[in-house]
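Asker: Can you keep this structure in mind? I'll have questions shortly.
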Amino acid sequence: MVAILIYQLVYMSRACGSSAQDMCQHILPVSRRNNSLLDVTGVLVCTPQHFVQALEGPDAVVDLLFDKIVKDARHQDIRIIKQRQLPHRQFGAWAMAHDDRTSNAMLSKATDALLADTDAAALL
Ligand SMILES: Cc1cc2nc3c(=O)[nH]c(=O)nc-3n(C[C@H](O)[C@H](O)[C@H](O)COP(=O)(O)O)c2cc1C
């Protein structure tokens, strides 16, 4: 049997202008609409000054979406912190989950595990 792997890309970036948390309210509905059409899932964490986002789905689709997100003027200093192939999606239940660190303990646990060995852990 051939295993079908899922590509996951995780990056962190710095918000430009207003706070990342304020911008999240605008970014999330658009992301959820687009990502469900693209078969992309993931999580977006917004701290006052930073975004951390995981995107998972077919390789080419995630790469194209990331190219678009990188060009978005609402953030800068974009740094990829993880790129890997996984047997399962880690955020498969969400077109784009929003981990605000308060309302969903299970989601925050999944984000903690994802970022445990990266620089982004310090932002949480
Ligand atoms: C931190 C950050 C994360 C984003 N994540 C996504 C995303 O997961 N999916 C998405 O479609 N757009 C995302 N965007 C928005 C895109 O950059 C772009 O504005 C949007 O996809 C345009 O959608 P439209 O072509 O439907 O107008 C993100 C933007 C930022 C700043």
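Asker: Could you tell me whether segment 70-84 includes any residue that is exposed (fewer than 12 other Cβ atoms within 10 Å of the Cβ), more than 15 Å from the ligand (Cβ to nearest atom) and modelled with pLDDT of 95 or more?
Answerer: Yes: segment 70-84 contains one or more residues that are exposed (fewer than 12 other Cβ atoms within 10 Å of the Cβ), more than 15 Å from the ligand (Cβ to nearest atom) and modelled with pLDDT of 95 or more.
Asker: Out of everything in segment 39-69 that is more than 9 Å from the ligand (Cβ to nearest atom) and of a type in the set (Gly, Ala, Ser), what residue ends up being nearest to the chain's Cα centre (by Cα)?
Answerer: Top of the filtered list is ALA54.
Asker: Output the residue which, of all residues in segment 3-27 that are under 25 Å from HIS88 (Cα atoms) and more than 11 Å from the ligand (Cβ to nearest atom), is modelled with the lowest pLDDT.
Answerer: ALA3
Asker: Touching a Phe, Trp or Tyr at 6+ places or on another chain (Cβ under 8 Å), more than 8 Å from the ligand (Cβ to nearest atom) and not in a strand (DSSP E or B) - does that describe any residue in segment 88-102?
Answerer: No.
Asker: If you go through segment 103-124 one residue at a time, how many are loosely packed, with under 14 Cβ neighbours inside 10 Å, outside any loop (DSSP other than H, G, I, E, B) and not small (Gly, Ala, Ser)?
Answerer: Filtering segment 103-124 down to residues loosely packed, with under 14 Cβ neighbours inside 10 Å leaves 103, 105-106, 109, 112-113, 116-117, 119, 122.
Those left that are additionally outside any loop (DSSP other than H, G, I, E, B): 105-106, 109, 112-113, 119, 122.
With not small (Gly, Ala, Ser) added as a condition, the list becomes 106, 109, 112, 119.
Residues meeting the conditions: 4.
Asker: Now for a separate question. Report yes if VAL30 is in contact with a helix residue (DSSP H, G or I) (Cβ under 6 Å, 6 or more places away or on another chain) and either touching a residue at least 60 places away in the same chain (Cβ under 8 Å) or within 9 Å of the ligand (Cβ to nearest atom) (or both), otherwise no.
Answerer: no
Asker: Consider only pairs whose beta carbons are under 9 Å apart and that are at least six residues apart or on different chains; among these, list those whose first residue lies in segment 100-112 and is at positive phi and whose second residue is modelled with pLDDT of 95 or more and surrounded by fewer than 17 Cβ atoms within 10 Å (Cβ to Cβ).
Answerer: Final answer for the pair search is none.
The values are calculated or read from the model by the stated rules, or taken from the named source; none is laboratory data. Remember, predicted model here, so these are calculated numbers, not experimental data. Methodologically, a virtual Cβ is constructed for each residue, glycine included, from the backbone with ideal geometry; neighbour enumeration extends over all protein chains shown.
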